[in-house]
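The values are calculated or read from the model by the stated rules, or taken from the named source; none is laboratory data. Just so it is clear, the structure is predicted and the values come from calculations on it, not from any experiment. With ideal geometry, Cβ positions are generated from the backbone for all residues, glycine too; neighbour counts draw on all protein chains shown.
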Amino acid sequence: MSAIEALYIFDEHNNVILEHVYTARPPLAKVLLPLWLAQPDPRPSVIYVSNTNPPTILHSLIQNRLLFLSPCSEDTEPLLILEFLHRVADALEEFLGSPLLASKIENSYDVVAQLLGEMCDAGTVCNTEPDALRDAVEAPSWMKSLVGGLGLPASSPALTPSSSSFSLQKPQLRQTLSNTGSTIPWRRANVRHTSNEMYVDMVETLSVVMAPSGRCLSAIANGTIAFTCKVSGVPDLLLTLTSPGGRMGIEKVFELPVFHPCVRLPRWRERPGELSFVPPDGRFVLAGYEVDLLPSPPISSGISNSSNLQLPAAIDVQTSLGPTGSDFEVRLTLSNRFVSGATSGSATSSLSSIQPPRPGSTGGFRTNSANTSANPTVQDLIVRVPLPKTVRNLNDLRPSRGEAHYAPGDGTVEWTLLNKDITSLSTAVLRCTVVGQAGEEENGATNGYEMRTDTYDYDENEDGTGTSSYQSGTSSGSSKRREPSSTNTVEDQDHRDMRKVRQNATLMPSGANVSFKVKGWLASGIKVDSLVINTKASRGLGVGVTPYKGVKYVTASKNGFEVRC
């Protein structure tokens, strides 16, 4: 059976700040750390260490510059231990504050010990849900003083029946909730909110690789459905998703989905696209998915690549330009569909409100015109051009829009376009001139003086003495100098330019990366059709309470759009 034997946490200086042993006799932290450091970079998350007795499987996680190690001497499921490490890191960050620092762990050992004891018991993973941990773990002292100063209760026990309007059908169940907490492990008992509201945030990370010919080699979108629930009681919700391809489109997007434990899987299997669940309190990740936007027709160099994939930007990189081939040009083109959305005055709003369903409706909603799929906006547009290490400097950066700078340490040209430039932008061009290391041709010239190899013919006098007129340049000997012909000069110049072109070709970039954020657009085409509350199955919501609903679509690509040349 899989078991968590121990948990070790190290700071950024590889000093042990926490050792917690659950079961068995695992190797000490000071023994395992050198064995982990001996592995070459990049170190995998699971390492088999044979230098210990018995041999150990070492699981590792790095978060906020802190190293989490968990050894295991038995055959176990690696994903279980790695997921446990992620849950521990997230729980510590939520209870101690973000970012998670070593000093916070050292100053709050009492809270950390409670968390580790609740999350794992004798090596068996027990409770890792944040809402359930809030009911079981006492808040740190600084949080008590902060909450107490606001006039709120410092602890978070379940509300008593006398102080809450939360009602249940069975008195026995009400007594159980008030004494031991909620029977739903991911939701706190007797949640109360003065403002009832729900938000759906659909975020996709786009990763696209374009070949020099303009053909799309890879197009993958990783999506996350983040849900924020601030509703009193225990609501029972139904979220319906739609796709341009109908049910087949939903099944393609959610081919390998990941759901929160609150989602009822039988309902999803029967009706793909319908998520029925009782949400945790606060913000959580409802579902995750990965969709391959290919196969599709070959993507051309234009904006509208295909009916399934329409990118907001297109990049064209031209190299070896100019008389010596020392220039390169990056041309950025934006789609009119994404530029027109930025011209709207309210396009900067990141949230489009969902109106409550009308009586007798099926829960549909209306969205505002700004930041929707019909009017998306592009923001935070940055183009990065990596250069070879042999590039010494850039003589000139000439962007037609925005700002560009070159970082010699990183070897990257960063071209940033402000949001105000994007509103009226259709095409922008960046041209650069590269300078390589000093070569033979640069060493051959000194301060602009040209070294000549022409020969001089002069005659001797009858007395055997040489003429001195060649020194003054007035004798006929100077007129007998063999000047190079104009044809040879042109040929030498052409030969020298071609050699410079070949030399500068090694200084040209091999591609460009584009980062952007689009509000109101998802590459997969998924949309939220409705969000309704099942009033019959919900408890404690209150009569006549209509929660406010909101939805937001965001597509982000941080150096994920790569164009090769």
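I'm trying to understand the selection: among the residues of the stretch 104-115, which are over 15 Å from ALA6 (Cα atoms) and touching a strand residue (DSSP E or B) at 6+ places or on another chain (Cβ under 9 Å)? Answer for the stretch 104-115, where residues must be over 15 Å from ALA6 (Cα atoms) and touching a strand residue (DSSP E or B) at 6+ places or on another chain (Cβ under 9 Å): ILE105, GLU106, TYR109. A search for C-beta distances below 7 Å between a residue of the stretch 528-555 that is without any contact (Cβ under 8 Å) to a residue 40 or more places away in the chain and any residue that is among the basic types (Lys, Arg), counting only pairs 6+ apart in sequence or on different chains, returns nothing. Of all the residues in the stretch 66-91, those that are among the charged types (D, E, K, R) and either outside the structural domain of HIS13 (by TED's automatic domain parsing) or more than 22 Å from the chain's Cα centre (by Cα) (or both) number 3. Being without any contact (Cβ under 8 Å) to a residue 60 or more places away in the chain and either farther than 21 Å from ARG134 by Cα or outside the structural domain of GLY123 (by TED's automatic domain parsing) (or both): is that true of VAL111 here? When the stated conditions are applied, VAL111 does not pass them.
For the stretch 64-72, the count of residues that are closer than 17 Å to THR128 by Cα, at pLDDT 90 or above and not β-branched (Val, Ile, Thr) is at least one.
Among the numbered conditions (1) over 20 Å from THR555 (Cα atoms); (2) surrounded by fewer than 17 Cβ atoms within 10 Å (Cβ to Cβ); (3) modelled with pLDDT of 85 or more, the only one that THR224 does not meet is (1). Within the stretch 8-22, not a single residue is of a type in the set (A, V, I, L, M) and more than 30 Å from GLY97 (Cα to Cα).
Filtering the stretch 232-248 for residues that are part of a loop (DSSP other than H, G, I, E, B), within 17 Å of VAL551 (Cα to Cα), assigned by TED's automatic domain parsing to the domain that holds ASN559 and β-branched (Val, Ile, Thr) leaves an empty set. Of all residues in the stretch 1-53, those being in contact with a Leu (Cβ under 6 Å, 6 or more places away or on another chain), within 21 Å of LEU80 (Cβ to Cβ) and in contact (Cβ under 8 Å) with a residue 40 or more places away in the chain number 4. Does HIS20 fit the bill of being assigned by TED's automatic domain parsing to the domain that holds VAL137 and surrounded by 13 or more Cβ atoms within 10 Å (Cβ to Cβ)? When the stated conditions are applied, HIS20 passes them.
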